[in-house]
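The values are calculated or read from the model by the stated rules, or taken from the named source; none is laboratory data. Only a predicted model underlies this, so the values are computations on that prediction, with no experimental measurement involved. Cβ coordinates were reconstructed from backbone atoms using ideal geometry, including for glycine residues, and neighbour counts include every protein chain displayed. Quick note on the areas: whole protein, heavy atoms, side chains included, nothing else; ligands and nucleic acids left out. Shrake-Rupley method; radii C 1.70, N 1.55, O 1.52, S 1.80 Å.
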Amino acid sequence: MGLKGFVEGGIASIVAGASTHPLDLIKVRMQLQGESAVPNPSVQVYRPALAMNSAVGNVSITQVVSQPRVGPVSIGVKIIQSEGVAALFSGVSATILRQTLYSTTRMGLYDILKNKWTDKETGKLPLTSKIAAGLIAGGVGAAVGNPADVAMVRMQADGRLPIDQRRNYKSVVDALSQMTKQEGVTSLWRGSALTVNRAMIVTASQLATYDQVKEMILNKGVMNDGIGTHVTASFAAGFVAAVASNPIDVIKTRVMNMKVAPGEVAPYAGALDCALKTVKAEGPMALYKGFIPTISRQGPFTVVLFVTLEQVRKLLKDY
């Protein structure tokens, strides 16, 4: 039964991750907007998100706010125009590997903990226990999948760099190999603390919310246990997960994407330093950069994830 949960969760996660990859790529590009540590500022034409401080470098608030806002659709169009349609799937191999390692682990472990902690007599599991199971499962899954996560972020962000500074990874295997050779094995776990924290929040909010909302809908007889219930619970889970995780996701993206040459000082000393520099330079709302594509991705991703999961469970119920 334990292995079955991993297989079901893995299949559903890979399908969901691959199908929503372009939205995730746009989210990453938006999260890197306004970053002060861009190798070539001339290519950084996007507007910082609602800077609240009196100045951003030598640029005043009025100058920053007056710059045209670039949304997810505009960024998607720019990517297609400058890099081609195929660029929307940059790093998809890393996404598949990430889902295979990270999501398979978290979904399977959550299922095991949920079954273990469910009251055998009543068949109920308190919300606090669901959250605890999500926190544990997300943390373990993130630790396992971090190398693929770093590779995915870098592959998705590569197109925004000047041509002579792009990493040009051919695949996730090539990305992991180059990182290991050029930056050491430890680079594969760069930002792992952030990845673990984000994964714990996402998994706890996403899986616990889905189970809780689905349970409430069924108990109150609002809908039967079908596609309608699964979609409704999925949207609720996706929204809660996006709101809770976006700030950590922005910092994680920037820390993972930073390029550190041998002997040079890293743009960020760590997660806290990155958060402080981001807020100081771009304002507190910078932590919610990419929120529209995040929620736009989390919604479809979560729906595809849980609808696929429920269907896979039906197919494998006799095994």
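Residue count for region 104-128, restricted to those that are part of a loop (DSSP other than H, G, I, E, B) and of a type outside the set (D, E, K, R): 5. Of all the criteria given as (1) at pLDDT below 90; (2) open to solvent by 40 Å² or more (accessible area, probe 1.4 Å); (3) closer than 23 Å to Leu25 by Cα, the one not satisfied by Tyr288 is (1). The helices (runs of 4 or more DSSP H) located wholly in region 1-103 that include 2 or more residues which are at pLDDT 85 or above occupy 2-19, 21-31, 72-83, 92-98. Set side by side, the residues Thr186, Thr180 differ, and just one is of a type outside the set (D, E, K, R), surrounded by fewer than 21 Cβ atoms within 10 Å (Cβ to Cβ), at negative phi and touching a Leu at 6+ places or on another chain (Cβ under 9 Å), which is Thr180.
Against the test of being open to solvent by less than 60 Å² (accessible area, probe 1.4 Å), free of Cβ contacts under 8 Å to residues at least 24 places away in the same chain and touching a Leu at 6+ places or on another chain (Cβ under 8 Å), the options Thr229, Thr278, Thr253 yield a single qualifying residue, Thr229.
Being surrounded by fewer than 17 Cβ atoms within 10 Å (Cβ to Cβ) and of a type in the set (S, T, N, Q) is a property that holds for Thr122.
Looking only at region 118-174, residues that are within 30 Å of Ile79 (Cα to Cα) and not polar (S, T, N, Q) come to 26 in all. In region 14-26, the residues that are more than 12 Å from Ser103 (Cβ to Cβ) form Cβ pairs under 8 Å with partners that are outside any helix (DSSP H, G or I) and modelled with pLDDT under 95, at six or more places apart or across chains, as follows: His21/Gly91; Leu25/Ser90; Leu25/Gly91; Ile26/Gly290.
Residue by residue, here is whether (1) more than 29 Å from Glu215 (Cα to Cα); (2) within 24 Å of the chain's Cα centre (by Cα); (3) not β-branched (Val, Ile, Thr) holds:
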| residue | (1), (2), (3) |
| --- | --- |
| Gly84 | yes, yes, yes |
| Ala87 | yes, yes, yes |
| Val92 | yes, yes, no |
| Leu109 | no, yes, yes |
| Ile112 | no, yes, no |
| Thr118 | no, no, no |
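Filtering region 130-144 to residues that are surrounded by fewer than 24 Cβ atoms within 10 Å (Cβ to Cβ) and under 14 Å from Leu97 (Cα atoms) leaves Ala143, Val144. If you go through region 178-214 and keep only what is basic (Lys, Arg), in a helix (DSSP H, G or I) and in contact with a helix residue (DSSP H, G or I) (Cβ under 9 Å, 6 or more places away or on another chain), you end up with Arg198, Lys214.
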